[in-house]
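Below: the structure, in structure tokens.
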Amino acid sequence: MPLRFDNSYARLPDRLFARVAPTPVAAPAWLVVNHSLGADLGLTEAELSSPELLGALAGNQTLEGSEPLALAYAGHQFGHFVPQLGDGRAVLLGEVVDTHGVRRDVQLKGSGRTPFSRGGEGAPPWALPFVSSW
């Protein structure tokens, strides 16, 4: 398994997220590969260049241990407090604790509509894998 997921968000109450599947894209290809980040995530060079990882980071397949979901949240929008917002076109594939003990979110931006979409979002012809830490 290329990524070892530990999905703390998926263990939260159901009202805080929606389980969703990313919209698959045609003919995914690597544009840029961050080898340093791959090493921090515990990936070997072979895993980092594998068709399995490419397919998962394009939203075309789900890796073992991944629990794709869109997060719900509250906040201010257009000057007013809104008690129910959420990831409209972002899918969290899961969380990985890296080799330094840093928890990282592995997320697809622009990966299709979710239950939190406001109607203006659609699936572009691409999905952008994104890794952040917290």
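Scan the range 68-81 and report the pairs whose first residue is polar (S, T, N, Q) and whose second residue is assigned to a strand (DSSP E or B), with Cβ atoms within less than 7 Å and a gap of 6+ or a chain change.
From residues that are polar (S, T, N, Q), the pairs are Gln77/Leu85.
Taking the range 13-36 as the search range and keeping residues that are touching a residue at least 24 places away in the same chain (Cβ under 8 Å), in contact with a helix residue (DSSP H, G or I) (Cβ under 9 Å, 6 or more places away or on another chain) and not in a loop (DSSP other than H, G, I, E, B), which one is farthest from Leu3 (Cα to Cα)?
That would be Leu16.
Would a scan of the range 50-64 turn up a residue that is surrounded by fewer than 19 Cβ atoms within 10 Å (Cβ to Cβ), touching a Phe, Trp or Tyr at 6+ places or on another chain (Cβ under 9 Å), at negative phi and modelled with pLDDT of 90 or more?
Yes, the conditions are met somewhere in the range 50-64.
Any chance you could count how many residues in the range 70-100 are at pLDDT below 90 and surrounded by 13 or more Cβ atoms within 10 Å (Cβ to Cβ)?
Residues flagged as at pLDDT below 90 and surrounded by 13 or more Cβ atoms within 10 Å (Cβ to Cβ) within the range 70-100 amount to 12.
Residue by residue through the range 9-21, note down the ones that are surrounded by 12 or more Cβ atoms within 10 Å (Cβ to Cβ) and of a type outside the set (A, V, I, L, M).
Scanning the range 9-21 gives Tyr9, Phe17, Arg19.
What tally of residues in the range 105-127 results from selecting those that are surrounded by fewer than 20 Cβ atoms within 10 Å (Cβ to Cβ) and modelled with pLDDT of 85 or more?
Within the range 105-127, residues that are surrounded by fewer than 20 Cβ atoms within 10 Å (Cβ to Cβ) and modelled with pLDDT of 85 or more number 1.
The values are calculated or read from the model by the stated rules, or taken from the named source; none is laboratory data. Everything quoted here is computed from the prediction, not taken from an experiment. So basically every Cβ, Gly included, is an ideal-geometry build from the backbone, and we count neighbours across all protein chains shown.
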